[in-house]
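K.L.:
Submitted below is the structure of interest, expressed as structure tokens.
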Amino acid sequence: MLAPITRIRNPSISVLVQAHIRSAVSNRCSQPLPPCLRNLHHSIPRRTPRGRQEPRDGTTTPVPDDIPNSKPKSPFYFEAGYALYAKRPSRAFPPPFLSNPSTSFSEPLSTHDKSRDRRPTVNGQMIRGVTNGDDAVLVSDSFIGANDGVGAWATKERGHAALWSRLILHFWALEVERAAADADAAANVDPAHAPDPVAYLQTAFEHTKSAVAEPNEWFGTTTACGALLAAETGNAEHPVLYITQLGDSQIIVLRPRNKEVIFKTTEQWHWFDCPRQLGTNSPDTPSGNAVMDKVEIEEDDIVLAMTDGVVDNLWEHEVVQNVLDSMSKWQKGENQADPSKEPAEQTYADGMRFVARELVNAARTIAEDPFAESPYMEKAIDEGLSIEGGKLDDISVVAAQCKRRKG
């Protein structure tokens, strides 16, 4: 078991810093900050959100209309929800991933018919998942993932990190589905035929490189993390997670009945603020750098897949407490994930959507506070950098609870 180290926020630090700055400005004095605060203050960031995006949430991410309905083999599945907050609007996917409308209904080469469906496609298939700024998330009944595209590519010609993060997650999900359709990869797992999500991610990486190479090349990089739910048979059937990590996004497995974190992934870095990543000019590959952990869990355990917009702004004990508080509120009917539903109509997935939404809101509060204490600030100070406040970033959360199928 992992016992989280409690880190208490100290609001007095921010108050003292702000008070000293206001006093210095009003008195037109150049007196430096007191010694105890000097290393905590670097400047006053002015965060005036431009094109602010309202948080979005849901339960399952879209799937193609023609996907075959096969009977699930695994006795376990995810009840899941997601919530998203983008620091800036997502860039539209370029052709051929998204067909732009024609200027005329009658011209011979009209694309009007194709452009009516605004869902992006690749290789004739709808791209799975949802984009959030440069992030991407995906939710299914046995696989969840959260990829964090590196936003710096937005300043480069033909840079499109959001495309990379979404495509890798799309192809990764397809490989998971193909494996699940083969010999017992999602149920009654035999050690010789156990799921191999790192291999699936490697294949997804290769497919993504091919997809963005023609007819026009698009550049970008992304981190990746995913959790695949399966089941093993032995003396007693029990659920297992195959958790894959590359970069600084994070997966946490929480056991609500004893309020413990039973597993969390470890961030992978080249250096501060430069995580391992897949894509253009990066030396990292899934087969060479991704880490896979097999974790035995139990029914009702909660799995969180989060981009660094959460983990850079909230300490682990704050994430745990926020999830537990949200679960308690939802179970008591104090807050509903979907106001259009009566309390009796709320599902476990609605509960997970509420959990994800509350976590996004908590991270956003710190991210937009230029004087807040944050894990990002703490890491920066450890590196000798004078940085204060939260980290304004895309914030993406998938919350999933393991359940046993009935019947």
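The values are calculated or read from the model by the stated rules, or taken from the named source; none is laboratory data. Since this is a predicted model, take the numbers as computed values, not measurements. Methodologically, a virtual Cβ is constructed for each residue, glycine included, from the backbone with ideal geometry; neighbour enumeration extends over all protein chains shown. Quick note on the areas: whole protein, heavy atoms, side chains included, nothing else; ligands and nucleic acids left out. Shrake-Rupley method; radii C 1.70, N 1.55, O 1.52, S 1.80 Å.
K.L.:
Say we look at the stretch 378-407 and pick out the residues that are outside any loop (DSSP other than H, G, I, E, B) and farther than 23 Å from G149 by Cβ; which of these is nearest to the chain's Cα centre (by Cα)?
P.N.:
The first filter runs over the stretch 378-407 and keeps only residues outside any loop (DSSP other than H, G, I, E, B), leaving 378-382, 395-404.
Next cut, farther than 23 Å from G149 by Cβ only: 378, 381-382, 401-404.
On the way: E378: 22, I381: 25, D382: 25, Q401: 16, C402: 18, K403: 21, R404: 25 Å.
By that ranking, first place goes to Q401.
K.L.:
Under 7 Å by Cβ, and 6 or more places apart or on different chains, what pairs join a residue from the stretch 345-356 that is aliphatic (A, V, I, L, M) with one that is in a helix (DSSP H, G or I)?
P.N.:
Listed by first residue and then by second, the contacts come to V355/V323; V355/S326; V355/M327.
K.L.:
With a cut-off of at least 3 residues that are within 14 Å of the chain's Cα centre (by Cα) and small (G, A, S), name the helices (runs of 4 or more DSSP H) lying wholly within the stretch 242-360. I'd like the intermediate steps shown before the answer.
P.N.:
Details: elements: 286-289, 308-311, 316-331.
Qualifying helices (runs of 4 or more DSSP H): none found.
K.L.:
If you check A224 against the conditions, is it touching a helix residue (DSSP H, G or I) at 6+ places or on another chain (Cβ under 8 Å) and either surrounded by fewer than 21 Cβ atoms within 10 Å (Cβ to Cβ) or among the small types (G, A, S) (or both)?
P.N.:
Yes: the conditions hold for A224.
K.L.:
Out of the residues in the stretch 151-196 that are closer than 22 Å to D293 by Cβ and among the charged types (D, E, K, R), which is modelled with the lowest pLDDT?
P.N.:
Taking the candidates together, the pick is D184.
K.L.:
Does V319 satisfy the criteria of being β-branched (V, I, T), in contact (Cβ under 8 Å) with a residue 24 or more places away in the chain and open to solvent by 10 Å² or more (accessible area, probe 1.4 Å)?
P.N.:
Details: β-branched (V, I, T): yes; in contact (Cβ under 8 Å) with a residue 24 or more places away in the chain: yes; open to solvent by 10 Å² or more (accessible area, probe 1.4 Å): no.
Judged against the criteria, V319 is not a match.
K.L.:
Taking only the stretch 48-96 into account, find how many residues are assigned to a loop (DSSP other than H, G, I, E, B), more than 18 Å from V176 (Cβ to Cβ), modelled with pLDDT of 80 or more and open to solvent by 50 Å² or more (accessible area, probe 1.4 Å).
P.N.:
9
K.L.:
Hey, among D301, D248, D284, D308, which residue is farther than 25 Å from F354 by Cα and among the acidic types (D, E)?
P.N.:
D284
K.L.:
Out of curiosity, is T208 buried (at least 21 other Cβ atoms within 10 Å of the Cβ), β-branched (V, I, T) and over 17 Å from the mean Cα position of the chain (by Cα)?
P.N.:
yes
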